[in-house]
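A short worksheet on the structure shown next.
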Amino acid sequence: MTTILTDAGVSSVDTARAAGEDLWLPAADLPRASGWTLKPEGLCQGEMCVPLPRAATERYLADGAVNLAAFWRLLGRPVLHDTSGSTWMLGAAASDRGRALCTLEAPDFTLPDIDGNLHSLSDYRGKRVFLTTWSSW
Amino acid sequence: MWQALYAELAQEDFIVIAVAEESRGAETAREWIELARPTYPVLIDREHHVADLYNMVNVPQAVWIDEQGRIVRPSETAGSHDAWRSRDRASGTLPESALALAAQAKRTYVEAVRDWAQHGARSRHAFTPEQARAHLALPDDKVALANAHFRLGYHLRAAGNVTEGDVHLQLAADLRPDSWNIYRQAMNLRELGPTGLAADDDFFARVDALGSGRYYPPPDLEGFPTELGFAPRE
């Protein structure tokens, strides 16, 4: 079982194959694990498609599987994994975060309260939100 | 801290959302929440996702978001400031001179929040989009990598791989040494001290290393103490 962490959450995939710095996933499992879908034009998320470099397609695609780690690095995003290759962190690039902040649209998130009920920032649209942080430490 | 203001402003289209940057989770936060008895949502952010999205370095920091979901004041310190550095480390108390500054800082900030809660876009403390962009602190590649290490470290630890988890938490703290969120949370995960406060000699050495440099840019708010670095706009 492989655990994949992305901005979209945590997914467990039993068909992933880790090899060194590569993480191969059957194309069918890609949307659930990463939010990206393999299409003829490349890898797509919503309206956006990223073509795979023609010169090195085999680096990204082989036998119906996609090298998600290589694709993530192609996007300029951090890729980390534990030594056993069973937990992969597919992070956000500084430019992803910076671009989002520069639109001034408050990035949405969903978190539980102390009783486990989920709240999204967007649930409070229509109100002025004073979003503040604290901690016990 | 915000409950009295929130209760007072119950008639306004205004809400407080308090996010606990708390990797130990709800049970660690519970006693604090039960003490403060807030009527606004308090959310538990074990992975520090909000700090990542909004590029925060410590608690408390705050963002003002208007009715359309747009940022009108980006992340800034909301109650903490460099006056705290003169705190007596044994007793936790502030000297007289710093107490006055801390009180002025708090009063100025709370008044600004109240003014915005009541007047929205008409409040002089709500930035225009140009001003809001100018006040954004944007992450660089090291910060993005630090956040990835932090999240992986948290998950490995939670899955029982404490040794490897701590390696990633340490890498995160090394990549972003200015983040008390990362450094102190990692310390708190390694060991919960008797007070629960993650402040040991190494932490204070890091604070001392700031020298005369400021940890925080002060909030850009008229009336904020100039001793804490506030410089009135031209």
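Annotations
- Of all residue pairs spaced 6 or more apart or on separate chains, those with beta-carbon atoms under 7 Å, a first member in the stretch B:131-154 that is at negative phi and of a type in the set (Asp, Glu) and a second member that is crowded, with 16+ Cβ neighbours inside 10 Å and in a helix (DSSP H, G or I) are B:140/A:94; B:141/A:94.
- Summed over the stretch B:178-189, the residues that are among the basic types (Lys, Arg) and either in contact (Cβ under 8 Å) with a residue 40 or more places away in the chain or not in a helix (DSSP H, G or I) (or both) give a count of 0.
- Residue in the stretch B:32-50 that is more than 7 Å from chain A (Cβ to nearest Cβ), hydrophobic (A, V, I, L, M, F, W, C) and within 27 Å of residue B:98 (Cα to Cα) present: yes
- Enumeration of residues in the stretch A:60-117 that are among the hydroxyl-bearing types (Ser, Thr, Tyr) and at the interface with another protein chain (Cβ under 8 Å from one of its Cβ atoms): A:83, A:87
- Number of the exception - residue B:61 against (1) in contact (Cβ under 8 Å) with a residue 24 or more places away in the chain; (2) under 11 Å from residue B:181 (Cβ atoms): (1)
- The one condition in (1) in a helix (DSSP H, G or I); (2) among the hydrophobic types (A, V, I, L, M, F, W, C); (3) more than 7 Å from chain A (Cβ to nearest Cβ) that residue B:72 fails to fulfil: (1)
- Checking residue A:131 against (1) more than 7 Å from chain B (Cβ to nearest Cβ); (2) closer than 21 Å to residue B:32 by Cβ, the condition it does not meet: (1)
- Filter result for residue A:80 (touching a residue at least 12 places away in the same chain (Cβ under 8 Å), surrounded by 17 or more Cβ atoms within 10 Å (Cβ to Cβ) and in contact with a strand residue (DSSP E or B) (Cβ under 8 Å, 6 or more places away or on another chain)): no
- Residue list for the stretch A:1-21, restricted to those being in a loop (DSSP other than H, G, I, E, B), over 21 Å from residue B:47 (Cβ atoms) and touching a strand residue (DSSP E or B) at 6+ places or on another chain (Cβ under 6 Å): A:15, A:16
- Helices (runs of 4 or more DSSP H) (entirely within the stretch B:79-177) containing at least 2 residues that are more than 11 Å from chain A (Cβ to nearest Cβ): B:96-119, B:162-175
Each value in this text was obtained by applying a stated rule to the coordinates, not by laboratory testing. Worth saying up front: this structure is predicted, and the values here are computed from it rather than measured. Cβ coordinates were reconstructed from backbone atoms using ideal geometry, including for glycine residues, and neighbour counts include every protein chain displayed.
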